[in-house]
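The values are calculated or read from the model by the stated rules, or taken from the named source; none is laboratory data. Here the structure is a predicted model, which means the values were calculated and not measured. Backbone-built Cβ (ideal geometry, glycine too); neighbour counts: all protein chains shown.
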Protein chains: 2
Amino acid sequence: MTERAAAGARPYRGKDIDQRRAERRARLLDAALELFTSTGYQHAGIARICTLAGVSTRNFYEEFSGKEAVLCELHERINAVAMERVTAVLDEAREQEPAGRIRVLIDAFLSGVTADPRVPRLAYVEAVGVSPALERQHRRWVERWASYIASEAERVAAYGQAPSRDYRLTALGLVGAITELLRAWQAGSSSCSVSEIAEEIRELMLDAIIRRPAP
Amino acid sequence: MTERAAAGARPYRGKDIDQRRAERRARLLDAALELFTSTGYQHAGIARICTLAGVSTRNFYEEFSGKEAVLCELHERINAVAMERVTAVLDEAREQEPAGRIRVLIDAFLSGVTADPRVPRLAYVEAVGVSPALERQHRRWVERWASYIASEAERVAAYGQAPSRDYRLTALGLVGAITELLRAWQAGSSSCSVSEIAEEIRELMLDAIIRRPAP
DNA sequence: ATATTTTGAAAATTGTTGTTACCACTCTAC
DNA sequence: GTAGAGTGGTAACAACAATTTTCAAAATAT
């Protein structure tokens, strides 16, 4: 009897079943990212996604419950990757003075997220106003980013370079500023460069946090 | 012969034909605003909009080319009304010193736009990522608001309270900050009050514009 | 080699939605 | 009152998209 065939052990075309599924999933996510950001989420049909990914619709529904699930996963993944990158880089910069850490944070985030213009497009345009579930997910991430920025601000305060206060709303506003600048960058072919945006955000953020006393 | 019946002269139910059309149009826009912000733009059917407005689908297509046209007009109208209000109030405050004008600007904008939570919801959530046309329209308005803020900043600079520089990117970021705070306000039942938001935006904006020299 | 699993493509199903056409009714003009 | 324009509701239509199912071919294990 073939008892050890219990779960996904049988190779096919040289690859494990789990591996094949993972690859199809990856290809579907790639294709969806491409179509969602070119034709738009609404007008991107599942059939076209599957064609582009070289996957049948049957396999699509094997991996995802529907189109929105794909969008959710892309959104989640984009944010998670960016957050991971930022925390990793900031862990390295443990020695730096707080104001320098903020520079590092922004550079890491921006360079990561602007490497592929489709990324900000998906996260800040296509994934907006799709469903209550996605809206909640977005809100969670915004809160998370804001908390992160706020904790950095508190670090600056503890260092004595900024007043000790509640930074939650300030951080929320800064997240919005970053979002809008990236949305503009992604939309306009040549309105502004990434380095200009980085510079602007740095100034905006340091001014808002340090809030130097009036002369 | 009834020759003067050329165009919409015949009254009906006591009202002119143009007037009736205008009223239907207004009721349709109201109903659409309600449904777009409750069930979401996507899942709001034209039939339901018409029912809520007390208008037949035939009349709907007499007024609008489709659902998206309604959303466009709502978006345009919301921005136009807000802009008109702000410019009017700011015209009044011609005498004030530039920094005071910014306070006036923010208060006027926020009090106008938060009077009905559906307004920020439609402008900053539902109208996002719908179509290239709407995205362009949104972009135009963002640019317009940013220009407006930038010109106020230049006024502060001319007054000698801020450096004379290019404020375009700063203004764009500030628009984003306002947008995000309103989006959060509109989403969370009780996360933050309008006055807290107003206070935060005031500080954010003044810090960004005045950019007081480092100690 | 044969039975079995896995696969991709396409057909069938199902449901929705935008859009147009129709109809009985109301209101005005004469 | 009657003719005729204007009205709101409903039903019919067409188009499209999502999801499920079927089917035969390809690949593997024994």
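For the reader, a short list of remarks on this structure follows.
- Residue in the range A:168-184 that is assigned by TED's automatic domain parsing to the domain that holds A:Ala93, among the hydrophobic types (A, V, I, L, M, F, W, C), modelled with pLDDT under 95 and touching a helix residue (DSSP H, G or I) at 6+ places or on another chain (Cβ under 9 Å) present: no
- Residue match in the range B:112-120 (condition: crowded, with 17+ Cβ neighbours inside 10 Å, outside any helix (DSSP H, G or I) and touching a Gly at 6+ places or on another chain (Cβ under 8 Å)): no
- First in the range A:57-68 and within 14 Å of chain B (Cβ to nearest Cβ) and more than 9 Å from DNA strand C (Cβ to nearest atom), second anywhere and among the hydrophobic types (A, V, I, L, M, F, W, C) and assigned to a loop (DSSP other than H, G, I, E, B), Cβ under 9 Å, 6 or more apart: A:Lys67/A:Ala44; A:Glu68/A:Val130
- Given (1) at the interface with another protein chain (Cβ under 9 Å from one of its Cβ atoms); (2) assigned to a helix (DSSP H, G or I), index of the condition B:Gly129 fails: (2)
- Screening B:Arg144 with (1) more than 25 Å from A:Ser191 (Cα to Cα); (2) under 23 Å from the mean Cα position of the chain (by Cα) gives one miss only, at (1).
- Residue match in the range A:24-38 (condition: within 16 Å of DNA strand C (Cβ to nearest atom), within 18 Å of A:Gln137 (Cβ to Cβ) and not assigned by TED's automatic domain parsing to the domain that holds A:Ala127): yes
- Unique residue being free of Cβ contacts under 8 Å to residues at least 12 places away in the same chain and in a helix (DSSP H, G or I) when the list is A:Arg139, A:Arg101, A:Arg144, A:Arg202: A:Arg139
- When A:Ala198, A:Ala162, A:Ala208 are screened for being surrounded by 23 or more Cβ atoms within 10 Å (Cβ to Cβ) and either farther than 19 Å from B:Val125 by Cα or of a type in the set (D, E, K, R) (or both), only A:Ala208 passes.
- The range A:158-176, residues that are within 11 Å of chain B (Cβ to nearest Cβ) and polar (S, T, N, Q): A:Gln161, A:Thr170
- Filter result for B:Glu95 (within 24 Å of B:Glu135 (Cβ to Cβ) and among the acidic types (Asp, Glu)): no
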